[in-house]
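The values are calculated or read from the model by the stated rules, or taken from the named source; none is laboratory data. It should be emphasised that the depicted structure is a prediction, and the values quoted were computed from it without experimental measurement. All Cβ positions, glycine included, derive from the backbone under ideal geometry; neighbour counts span all protein chains shown.
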Amino acid sequence: MSKIKTLITAATTVALLAGSATFAMAEGITVAIVGGKTDDAFFAKVKKGIDDAALVVAAHGGKVNYLQLQTYDNIGGDAANLVRTAITQKANVIAVPNWVPDSEDEAIKAAQAAGIPVILFNAGGGDKAKELGALNYIGNEEYTAGVAGGERFTTAKAKNVLCVNTVPGAQNLEDRCKGISDGITKGGGKSTQLPLPASSFGNPTAVAEAIKATLLKDATIDGLVAISAADADAVAVGVEQASMTGKVQLGSFDMNDTCLERIKAGTQLFAIDQQPWLQGFLAVTMADAYVNYGLKLATAPILTGPGVVDSSNIDATLAGAKAGYR
Amino acid sequence: MTNQAARFSLGNLLRRPETGSFLGLVFVVAFFTFFGGTNFASATGAASWLNVAASIGIVALPIGLLMIAGELDISIGSLIPAGSMTVAIISGHFHFPIAVGIVAALCVGALVGLINGVLVVRTAVPSFIVTLGTLFAVAGLVLGLSVVLTGTTSVALKAGPEAKFFLGHFIGGIYQVLIFWWIGISILFAFVLHFTRFGNWIFAMGGDKVSARNAGIPTDRMTILLFMISGVCATFVGVAQAILYNSAQVSAGQSYIFNAIISVVVGGVLLTGGYGSVFGIVLGTLTFAVVNQGIYFTSFDANWASLIIGVMLLLAVLMNNTFRTLALSYASKKK
């Protein structure tokens, strides 16, 4: 009986503590920013930008709340849910990537209807930001980036390029593959998309095996482009396993250390950089500046890419990468 | 004459199977209210975890019943996106009426459930392995058919106002209408499990299937029926998600497998079967949803989110177990 009494006492104490918990609400603003899981190399750099910008926000008396997706399985729905969570948290401003406009536009409009300004970053594009009445768009113009990549493939004389998409349905990634296709068609080549289910994003074995199988089946493929740096590593492994290194050119969107080393060694043709640190940093500082002081840039959209990293500018890039900023 | 049975006793209340889950829920709510402030504890803050609880809850209820009956169904991880993709392809891509798409999606769930049930009953293979096989088979089928029929693995769906009203809109802009479906389905399941003979049969099957069959319970038919219900509920959640978010993804269901099983186990259902309650499953689902979403309201760095989720769930289950042990080892004082 005494055991039960102890448990009841403990439970009541906890309940009382919770009931009496009163908090002085933060005097400053709350910036809510939605993004991917930080164990994803790309969003780790975005988060670094956010953390650096959080210093500025804290200096103004506010705080930053990073709402991260737990998987990419249902990217549009989960992002829409996180926007609604930010609304219930009474955030003063929301920064969100618009990956799946069909799913996220309603949530973004609900935030604006609740009086919360929204800024788009990483995905969405300048036109979408104007259409929704968002503060701005900070990121890549994915289609233009894709076209730049396609033209790079043409220069390297690749004729049949496969665009490996591991998060199909995300508008920004679909635009990349479309850009590659249009860029290379201008030069007389062709490109098709290989959609893999989102559960294979970040699963190197799944991607490598799928690539190996595709290469062995179709010998005319002489170019591959991956939509993320981690996938590029897996694609490189797949190419090696199919014994096609050197015959198949590799390109990637976004980059990490191994991509840069491959470019230096000549086994990767290019990486298209959208400067994720800048995306995170600018999104938060601009959101903070707008809500606190009404400051707004006249330039819209703010393009952080595309920058093409290849053998011509690899050394300068490597220095920044070592510091974790690129 | 002693009136122990009639007298209200705190001890008796504490020994009910749901008490552990209830106190677990109180604990996590207290924890996140403490660290999350008034935003978490407000009515609008509750929407975050109620919305998550509704979709996991509808799937967790038949899984809980299956676990009480001694079986396991993990094919729901592929049936949820199968439901989404079916309604999206039929009504979004091919522009058939939405009712056709919804019925087709539910039929897919019933069919796969039937296959699961028949395979479990006819072969000696454990249900975990059978449903693991159908998990992969359905996933491959959905991916393959999606690429063949539409050329991509994500399909948009613009549902009409009636479908949106019943299945996929936000009440007051924040509460998903699915929450009411979840409450209704929970009441239905509670009635069946605790107030009809079918419920008795389910408990009996979980206790010992051979004895149950010898006692005259139609275990084969019950098993197949339970698997079919699980399939239909999973595809129903998929349909609701597709209508709510206006798009369907091929892979949007893998996390539900573990989340539903965690909710069921936290709710007091034994993994070995024969013990549990619907109210407990509901409480377990709420506990999981609170832990899953509460982290966003605290000022903890998002990097620690997974660690906190794991620790909280372990604590909730431990509390559950303590209460169950207390209940099972209680001996009333002799007068």
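Figures for the structure shown
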item: Inter-residue pairs, beta-carbon under 6 Å, first more than 7 Å from chain B (Cβ to nearest Cβ) and in region A:71-91, second among the charged types (D, E, K, R) and crowded, with 24+ Cβ neighbours inside 10 Å, 6+ apart; result: A:Ala79/A:Glu104
item: Test result for B:Tyr275, within 28 Å of B:Ala212 (Cα to Cα), more than 9 Å from chain A (Cβ to nearest Cβ) and at pLDDT below 75; result: no
item: Selection status of A:Ala271, under 21 Å from A:Val161 (Cβ atoms) and of a type outside the set (Lys, Arg); result: yes
item: Selection within region A:38-58 - among the charged types (D, E, K, R) and part of a helix (DSSP H, G or I); result: A:Lys45, A:Lys47, A:Lys48, A:Asp51, A:Asp52
item: Qualifying residue in region A:233-254 (condition: in a loop (DSSP other than H, G, I, E, B) and buried (at least 22 other Cβ atoms within 10 Å of the Cβ)); result: yes
item: Pairs with Cβ under 8 Å, 6+ apart, first in region B:156-173 and free of Cβ contacts under 8 Å to residues at least 60 places away in the same chain and away from chain A (no Cβ under 11 Å), second surrounded by 18 or more Cβ atoms within 10 Å (Cβ to Cβ) and among the small types (Gly, Ala, Ser); result: none
item: Among (1) away from chain A (no Cβ under 14 Å); (2) over 20 Å from B:Gln241 (Cβ atoms) - the single one B:Val29 does not satisfy; result: (1)
item: Candidate set: region A:37-50, residues that are out of contact with any helix residue (DSSP H, G or I) (no Cβ under 6 Å at 6 or more places or on another chain) and facing another protein chain (nearest Cβ under 9 Å); chosen: the one modelled with the lowest pLDDT; result: A:Asp39
item: Residue that is farthest from A:Thr71 (Cα to Cα), among those in region A:148-181 that are more than 13 Å from every other protein chain (Cβ to nearest Cβ), in a helix (DSSP H, G or I) and among the aliphatic types (A, V, I, L, M); result: A:Ala148
item: Condition check for B:Ala69: within 30 Å of B:Gln293 (Cβ to Cβ) and buried (at least 23 other Cβ atoms within 10 Å of the Cβ); result: no
item: Count of region B:102-126 residues which are in contact (Cβ under 8 Å) with a residue 60 or more places away in the chain and either out of contact with any helix residue (DSSP H, G or I) (no Cβ under 7 Å at 6 or more places or on another chain) or buried (at least 23 other Cβ atoms within 10 Å of the Cβ) (or both); result: 10
item: Selection within region B:16-32 - hydroxyl-bearing (Ser, Thr, Tyr) and crowded, with 23+ Cβ neighbours inside 10 Å; result: B:Ser21
item: In region A:87-119, the residues that are over 19 Å from A:Val46 (Cα atoms) and of a type in the set (A, V, I, L, M); result: A:Ile87, A:Ala91, A:Val100, A:Ala107, A:Ile108, A:Ala110, A:Ala111, A:Ala113, A:Ala114, A:Ile116
item: Those residues of region B:241-266 which are within 7 Å of chain A (Cβ to nearest Cβ) and surrounded by fewer than 24 Cβ atoms within 10 Å (Cβ to Cβ), in sequence order; result: B:Gln254, B:Ser255
item: Yes/no for A:Tyr137 being surrounded by 24 or more Cβ atoms within 10 Å (Cβ to Cβ) and of a type in the set (Phe, Trp, Tyr); result: yes
item: Selection count, region A:60-95, where residues are more than 19 Å from A:Thr38 (Cβ to Cβ), among the basic types (Lys, Arg) and modelled with pLDDT of 90 or more; result: 1
item: Verdict on A:Gln193 being within 14 Å of another protein chain (Cβ to nearest Cβ), of a type in the set (S, T, N, Q), in a strand (DSSP E or B) and surrounded by 16 or more Cβ atoms within 10 Å (Cβ to Cβ); result: yes
item: Test for A:Glu131: is it at pLDDT below 90 and among the acidic types (Asp, Glu); result: no
item: Residue list for region B:153-172, restricted to those being under 19 Å from B:Ala252 (Cα atoms), within 23 Å of the chain's Cα centre (by Cα) and modelled with pLDDT of 85 or more; result: B:Leu167
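Residues checked against (1) surrounded by 20 or more Cβ atoms within 10 Å (Cβ to Cβ); (2) facing chain A (nearest Cβ under 10 Å); (3) at pLDDT 80 or above; (4) assigned to a loop (DSSP other than H, G, I, E, B):
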site: B:Gly268; (1), (2), (3), (4): yes, no, yes, yes
site: B:Leu286; (1), (2), (3), (4): yes, no, yes, no
site: B:Ser306; (1), (2), (3), (4): no, yes, no, no
site: B:Gly310; (1), (2), (3), (4): no, no, yes, no
